[in-house]
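These notes are about the structure you will find just below.
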Amino acid sequence: MFLITVPESLSTSLIGMLVVFAALVSLMAIIKLISAAAIAIDKGKHTELLPSSAAPAPVSAPRAGMVPAKGSQGEINLYDTDEKSAAMVMAIIADELKAPLNELRFISIRTK
């Protein structure tokens, strides 16, 4: 008959837990390496698309005598909101209504 003593069973279970823990740590390291490589590759793709001196063009206010774009619906009054937030609200509303943005007319946007 094959008998295992308590100290032998404890040492066997401890070795088993250490093996599982080591496998998990090595999997974590592999995932971190793959993630870092993917991020580096992704950053490389984005920097190739834009020249290093590229900066976003400033948005200028409409000047007198300028003709609005075809399909635009005039001006909008913004109260306590910035242009970026207003543009996001307009885009969300156009998407929900399934309508082109140039067919909608926004008179004003106000934040609380």
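Is the stretch 97-111 home to any residue that is part of a strand (DSSP E or B) and either at pLDDT below 60 or within 27 Å of the chain's Cα centre (by Cα) (or both)?
Yes: one or more hits.
Just to be sure I understand the filter: pairs with C-beta atoms under 9 Å, separated by 6 or more residues or on different chains, first member in the stretch 73-100 and at negative phi, second member at pLDDT below 90 and among the acidic types (Asp, Glu). Which pairs pass?
Listed pairs, sorted by first residue: 73/103; 94/103.
The values are calculated or read from the model by the stated rules, or taken from the named source; none is laboratory data. As the structure is a computational prediction, the values presented were derived from the model and not from experiment. All Cβ positions, even for glycine, are placed from backbone atoms using ideal geometry, and neighbour counts span all protein chains on display.
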